[in-house]
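The values are calculated or read from the model by the stated rules, or taken from the named source; none is laboratory data. What you are looking at is a predicted structure, and each value in this text was computed from that prediction instead of being measured. Every residue, glycine among them, receives a Cβ derived from its backbone with ideal geometry; neighbour counts consider all protein chains shown.
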Amino acid sequence: MLSFLRSDLAQLMSYTPHPGGADSADPNRKIDRLDTNESPYDLPEDLKEKLAGIYQNLIETNRYPDGAHVALKEAIATYVNEGIKDANSQSLIKANQISIGNGSDELIRALLIATCLQDEGSILVAEPTFSMYAILAKTLGISVTKIPRSPVDFSMDIAAANAAIQQDLEPLIRAIFVVHPNSPTGNALTPAELEWLRTIPHDMLVVIDEAYYEFSQQTVVGELYKRPNWLVLRTFSKAFRLASLRVGYAIGHPDAIAALEKIRLPYNLPSFSQAAAELTLANRHKLLTVIPEIITERNKLIKALANHPTLKIWPSDSNFIYARLKDDNQSEKDLNQIMYDLKVKGTLVRHTGGGLRITVGTPEENQRTLERLQEISN
Ligand SMILES: *Cc1c(COP(=O)(O)O)cnc(C)c1O
């Protein structure tokens with residue numbers, strides 16, 4: 001290790017997007033990429049053409065992008081507010097309650113910097129969950145307390161969480177990260193979990209990551225006005241089909257948002273990405289029409305796998321399903337073998353959190369997923 005590097009970096013590994021390995025051997029072979037929870041559908045041709053037209057005619061590549069994201073914030077606020085049930089004048093989100101990141105990953109890092117850096121705090125997560133919270137925390141030297149989930153329904157062990165919060169940890173827990181619905185397990189926050197989050201003292205940030213909101217249709221945005229220590233994350237990488245362009249946003253108290261705006265890089269979002277996000281929002285009704293199909297396909301997958309000889313499947317509020325081995329003596333090695341066998345057959349899935357996470361793809365991809373899982377069990 002080079003001696004000018006921080007000593008703790010030696011223990012970290014760089015992020016591998018496809019731990020199962022994206023198949024590079026044969027570029028012509030069609031692979032079902034069901035390991036990263038993207039939409040199976042690219043932008044429709046007409047929207048791509050429009051975006052190309054914007055690039056050609058409106059974007060000056062020699063000029064910096066709009067560093068304040070003015071138009072996009074307004075469009076996001078309108079979209080977010082459509083999803084608030086029984087909205088009132090207080091609960092409606094304004095542009096000063098939104099910060100936009102180069103993917104929500106960037107916002108997660110900004111939140112860690114804003115709350116915990118310089119030994120001012122640590123974070124709490126309930127495993128298994130989205131890996132980026134702990135990964136990014138460690139790159140900043142921030143410690144992570146992990147509490148377990150029920151092996152039955154993946155609800156959080158709230159007693160363990162309370163015990164961790166009340167411990168005299170040094171430094172104290174400053175932020176809790178939850179996903180709603182959780183990845184990789186697919187379950188939305190339960191009423192009891194939400195009730196618990198409402199009791200969290202206001203000197204602790206509660207981050208509720210709604211990356212899969214468009215699939216779950218469940219959101220806490222409507223109660224943000226009552227909860228200054230809550231912050232919601234969303235992304236364009238999933239239902240909005242823009243994973244390649246890296247746009248995520250945070251919704252929260254104006255003062256928390258102001259802190260994120262101080263921390264982010266001034267021109268964090270390329271003009272092209274801003275234009276694409278605005279275009280997809282303007283065409284959201286068209287783009288989101290495939291959501292019911294994905295949910296129907298998800299339910300079909302779950303039903304078809306219910307009688308699988310070796311895999312146990314859980315319900316899902318999202319665009320992916322989660323499976324573990326029925327055998328209690330399941331080993332990570334066996335799961336790895338299934339992941340590898342699927343890969344050889346042409347389907348990439350994610351082995352994480354003691355199980356397999358499989359993205360719902362096109363109907364054809366899902367059919368192949370079922371066939372291949374059936375073959376493997378034989
Ligand atoms: C996919 C995902 C994101 C999105 O990250 P981006 O950086 O916006 O692509 C955030 N949180 C969770 C839990 C996710 O699964």
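Figure legend. Inter-residue proximity from the range 31-50: first residues closer than 14 Å to ILE321 by Cα and hydroxyl-bearing (Ser, Thr, Tyr), second residues modelled with pLDDT under 95 and surrounded by fewer than 17 Cβ atoms within 10 Å (Cβ to Cβ), beta-carbon distance below 9 Å, spacing 6+ or different chains. Indicated pairs: THR36/PRO17; THR36/HIS18.
Among the helices (runs of 4 or more DSSP H) confined to the range 130-217, the ones with at least 3 residues that are at pLDDT 95 or above and either in contact with a Phe, Trp or Tyr (Cβ under 6 Å, 6 or more places away or on another chain) or more than 16 Å from the ligand (Cβ to nearest atom) (or both) are located at 158-166, 191-198. Selection of the range 363-378 for residues being over 16 Å from GLU297 (Cα atoms) and polar (S, T, N, Q) yields GLN374, SER377, ASN378.
Every residue, every condition in (1) touching a helix residue (DSSP H, G or I) at 6+ places or on another chain (Cβ under 9 Å); (2) surrounded by fewer than 17 Cβ atoms within 10 Å (Cβ to Cβ); (3) modelled with pLDDT under 95; (4) more than 20 Å from THR369 (Cα to Cα), yes or no:
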| site | (1), (2), (3), (4) |
| --- | --- |
| MET1 | yes, yes, yes, yes |
| GLN11 | yes, yes, yes, yes |
| HIS18 | no, yes, yes, no |
| ALA22 | no, yes, yes, no |
| PRO27 | no, yes, yes, yes |
| LYS30 | no, yes, yes, no |
| PRO44 | yes, yes, no, yes |
| GLU49 | no, yes, no, yes |
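Only one of the numbered conditions (1) surrounded by fewer than 14 Cβ atoms within 10 Å (Cβ to Cβ); (2) closer than 23 Å to VAL360 by Cβ; (3) modelled with pLDDT of 95 or more is violated by LYS262, and that is (2). Here PRO65 fits the description: touching a residue at least 24 places away in the same chain (Cβ under 8 Å) and under 18 Å from ASN102 (Cα atoms).
Select from the range 68-90 the residues that are in a loop (DSSP other than H, G, I, E, B) and away from the ligand (no atom under 16 Å from the Cβ) and list them in ascending order. Matches in the range 68-90: ALA68, GLY83, ILE84, LYS85, ASP86, ALA87, ASN88, SER89, GLN90. When you scan the range 220-227, do you find a residue that is among the aliphatic types (A, V, I, L, M), farther than 19 Å from ILE176 by Cβ and over 14 Å from the mean Cα position of the chain (by Cα), even just one? Looking through the range 220-227, none of the residues is among the aliphatic types (A, V, I, L, M), farther than 19 Å from ILE176 by Cβ and over 14 Å from the mean Cα position of the chain (by Cα).
Exactly one residue among ILE93, ILE123 is touching a helix residue (DSSP H, G or I) at 6+ places or on another chain (Cβ under 6 Å), aliphatic (A, V, I, L, M) and part of a loop (DSSP other than H, G, I, E, B), and that residue is ILE93.
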